[in-house]
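Quick notes on the structure that follows.
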Amino acid sequence: MQRKKTTASVLMSVTLLAGLLAGCGSSNNDTSNNEANKSNNSATANSGNTASNDANANKDAAAAEDTSPITFSFFAEDPNPNWNNMQDDVSKELTKKTGVTLDAEFAVGDPAQKVALMATSGEYPDLISAKGDIGKLVDAGAVIDLTDLIDKYAPNIKRVLGDNLARAKYTNADQSIYAIPTWAAVNEQRFVAGGGFELQHRVVKEAGYPEIRTVQDYESVIKSYIEKHPTDENGNKNIGVSLNADDWHMYISVTNPAVSTTGGSDDGEYYIDQTTNEAIYHFRRPEEKEYFRWLNHMNDIGLLDKESFVQKYDQYKSKVATGRVLGLIDQDWDYNDAQQALKTAGKFDETYGHYPVTMSKDIKQADFWPTGFMGGYGISISSTCKDPVRAIKFLDYLASDEFQILNNWGIEGKHYKIEDGKRVVPQEVQDRINNDNTAFTKESGIGFYWNMMVHYGDGAKDESGNYYTKNFPEQLVNGYSDAEKETLAAYKATTWKDLFPKEDEFKVKAYGAAWNIQIPGEDEVSILGTKMKDITWKRIPQAILAKPADFDKIWDEYMADLDKAGVKKMEADYTKYVQDRVALWSGN
């Protein structure tokens with residue numbers, strides 16, 4: 001699953017365990033209204049603002065806003081290793097425009113545990129990006145219904161989301177808006193292929209750039225290279241494939257690929273029948289058993305990193321940064337720090353390309369299966385927020401064209417310039433991005449606020465005819481190294497997406513993506529989901545690391561464990577939620 005911005009398509013495949021308690025909506029509304037009554041006079045003066053496309057009117061309204069200094073505490077489940085405590089260029093400009101600074105905390109370790117502790121403690125940050133764990137906060141009364149605040153004080157959010165705002169409703173039973181959708185982009189045309197299976201450019205080059213479509217193709221080029229080059233230039237052993245199985249990364253690098261290699265789309269821990277909208281726990285598909293059998297085979301012949309299931313995330317990235325890992329099965333945002341280290345060291349031929357690998361050629365890799373606009377993941381305002389009106393106005397500024405351009409492009413004259421009416425990244429800036437992106441990102445702050453802001457997607461253009469983001473084909477190519485361009489040219493492609501099946505080869509999913517469907521926190525589906533995860537995270541590594549002769553026995557035991565734990569009950573109940581989402585979004 002590309003849960004980031006997959007992906008995100010980043011970006012992730014965690015099964016969403018969201019929840020609600022009857023009555024939370026009304027109590028949260030009371031909190032919101034009480035806090036709103038405490039707002040300053042300028043907030044009251046602007047309470048009648050509605051969405052407008054008139055740029056001058058928006059500027060006039062912005063000028064009247066309160067920009068006195070205020071600090072909001074903020075927690076995000078997503079890591080941001082480059083966060084610079086708002087000492088970067090974009091953050092400084094943001095504070096100048098709004099008066100807001102953020103006391104930010106980003107999850108370390110299991111974010112679900114942090115949110116659960118937060119929910120029970122009664123101590124909440126002002127702003128929360130809780131993703132799939134929002135249900136715990138709804139249950140605790142920790143977040144407020146934002147419906148009225150958006151209607152009164154958020155013209156930019158309403159303008160950008162338009163009719164899609166209806167998809168932010170929590171459930172059929174509780175149609176409050178507890179999180180403003182920020183993971184989903186509006187009017188998005190995806191150009192970035194950041195997933196699939198990865199191979200170093202030197203590996204495919206030495207093999208003569210063969211077709212990489214099946215797991216057998218992938219295995220073959222790795223095996224051939226490692227036979228010729230068992231060690232690197234320093235005598236350290238080269239590694240065929242390393243998996244990142246540390247905590248939630250297990251979903252991204254180990255279990256999600258079982259779906260994508262067998263023709264399924266990213267629906268978290270479920271496979272959804274596109275005709276009936278019925279859900280099954282995706283590991284119970286016979287096709288996926290064969291994917292894990294292939295990983296078992298890779299382990300048996302010595303091409304799978306023996307430390308895959310014991311290494312920590314930092315160890316995984318450090319290993320990738322050495323250049324010894326020939327292949328990855330991951331999302332680029334998960335290993336990006338390591339790849340940037342390779343670029344900084346000038347080892348561009350040891351960075352990675354992306355290939356649409358499946359179990360056989362007749363299977364269509366579905367990374368670009370369209371979901372339409374998704375609600376679900378987003379930004380929430382807590383019930384203890386010091387000033388909900390000021391907070392929603394801050395979030396509304398993030399949705400403005402001015403800030404969307406700032407977040408994506410940086411500061412005009414420093415990070416980009418205008419040539420013939422087009423935004424252009426100067427070559428010296430592009431060189432820094434290509435070769436020392438970590439340092440550049442810390443200094444510039446470009447992209448830091450994507451998970452806090454309602455935004456347009458890749459391919460969308462503003463009124464000047466410029467793209468909102470830098471993820472469009474011409475600009476993507478500017479970011480490619482010579483090694484990357486050479487590989488793509490060999491495959492008669494311009495970008496990595498050219499190698500993958502396109503959106504129009506699939507029918508848009510009526511429910512968006514199953515992984516961001518809100519499930520009540522105390523619902524049996526959530527409880528059973530945790531049981532299934534525990535079983536799966538024990539049995540899948542066992543099956544992969546077993547002797548091939550023992551694989552079927554372990555797999556049968558795994559299936560029996562799931563059945564005994566109530567997997568069919570979980571599937572039936574989850575099916576109801578999928579079908580309810582379809583009804584909610586279709587207005588039925």
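Just so you know, all these numbers are worked out from the coordinates, no wet-lab data involved. Values in this document were obtained by computation on a predicted structure and should not be read as measured data. As a convention, Cβ positions derive from the backbone with ideal geometry for all residues, glycine included, and neighbour counts pool all protein chains shown.
Things worth noting here:
- When the convex hull of its Cα atoms is projected in every direction, mean area for region 208-309 (nm²): 8.1
- Relative to the globular-protein estimate of 2.2 N^0.38 Å, the Cα radius of gyration of region 175-266 stands at 1.49.
- Sorted peptide list for 269-278, 393-402, 212-221, criterion being average Cβ within 10 angstrom, highest first: 393-402, 212-221, 269-278
- Cα-based shape type of region 357-454, given that a ≥ b ≥ c are square roots of the gyration tensor eigenvalues and the cut on a/c is 1.5: oblate
- Reach of residue 414 by Cα under 22 Å, taken over lysines that are not fewer than 8 positions away in the same chain: 92, 96, 97, 422, 442, 461, 470
- In region 264-361, lysine pairs closer than 18 Å at Cα, eight or more apart or cross-chain: 7
- Remark: region 308-373 carries a charge dipole of roughly 160 debye about the Cα centre, counting +1 on each Lys and Arg Cβ and -1 on each Asp and Glu Cβ.
- The Cα trace of region 212-266 gives Rg and Dmax of 14.3, 41 Å, the first to one decimal, the second as a whole number.
- Computed about the Cα centre, the dipole magnitude for the chain is approximately 300 debye when only Lys and Arg (+1) and Asp and Glu (-1) carry charge, each at its Cβ.
- The helix-only estimate of mean residue ellipticity at 222 nm for the chain, built from DSSP H runs of length n ≥ 4 each weighted as -39500 (n - 2.57), is -12000 deg cm²/dmol after division by the residue total.
- Shape call, region 275-350: gyration tensor on alpha carbons, a/c limit 1.5: prolate
- Fully extending the segment from residue 527 to residue 207, taken as 0.36 nm per residue of separation minus the present Cα-Cα distance, adds 110.4 nm.
- Semi-axis lengths, largest first, of the ellipsoid equivalent to the chain are 39, 30, 20 Å, with √(5λ) applied to each eigenvalue of the Cα gyration tensor.
- Pairwise centroid distance, computed over Cα atoms, of region 108-157 with region 452-525, Å: 27
- Anchor residue 507: lysines whose Cα lies under 16 Å away (excluding residues fewer than 8 positions away in-chain): 364
- Gyration tensor verdict on region 473-560 (Cα atoms; rounded if a/c is under 1.5, prolate if a/b is larger than b/c, oblate otherwise): oblate
- Exposure proxy ranking for 205, 492, 422, based on other Cβ atoms within 10 angstrom of each Cβ and starting from the fewest, stands as 492, 422, 205.
- Summed side-chain charge close to residue 275 - residues other than residue 275 whose Cβ falls under 15 Å, Lys, Arg +1, Asp, Glu -1: -1
- For residue 538, net neighbour charge (Lys/Arg +1, Asp/Glu -1) across residues whose Cβ lies under 13 Å away: 0
- Evaluating kT/(6 pi eta Rh) at 4 °C and 1.567 mPa s, with the Kirkwood radius of region 295-392 over Cα pairs in the Stokes-Einstein relation, gives 74 µm² s⁻¹.
- For region 521-569, the list of GluC sites (Glu not before Pro) that fall in a loop by DSSP and count at most 15 other C-beta atoms within 10 angstrom reads 522.
- Taking label points 7 Å from Cα along the Cα-to-Cβ direction, residue 273 and residue 297 give a separation of 3.0 nm.
- Gap separating the Cα centres of region 90-105 and region 204-261, nearest whole Å: 42
- Panel order for 183, 515, 248, by other beta carbons found within 10 Å of each beta carbon, from fewest to most: 248, 515, 183.
- The listed peptides 94-100, 426-432, 386-392, ordered by packing as a protection proxy, come out as 386-392, 94-100, 426-432 (highest mean of other Cβ atoms within 10 Å first).
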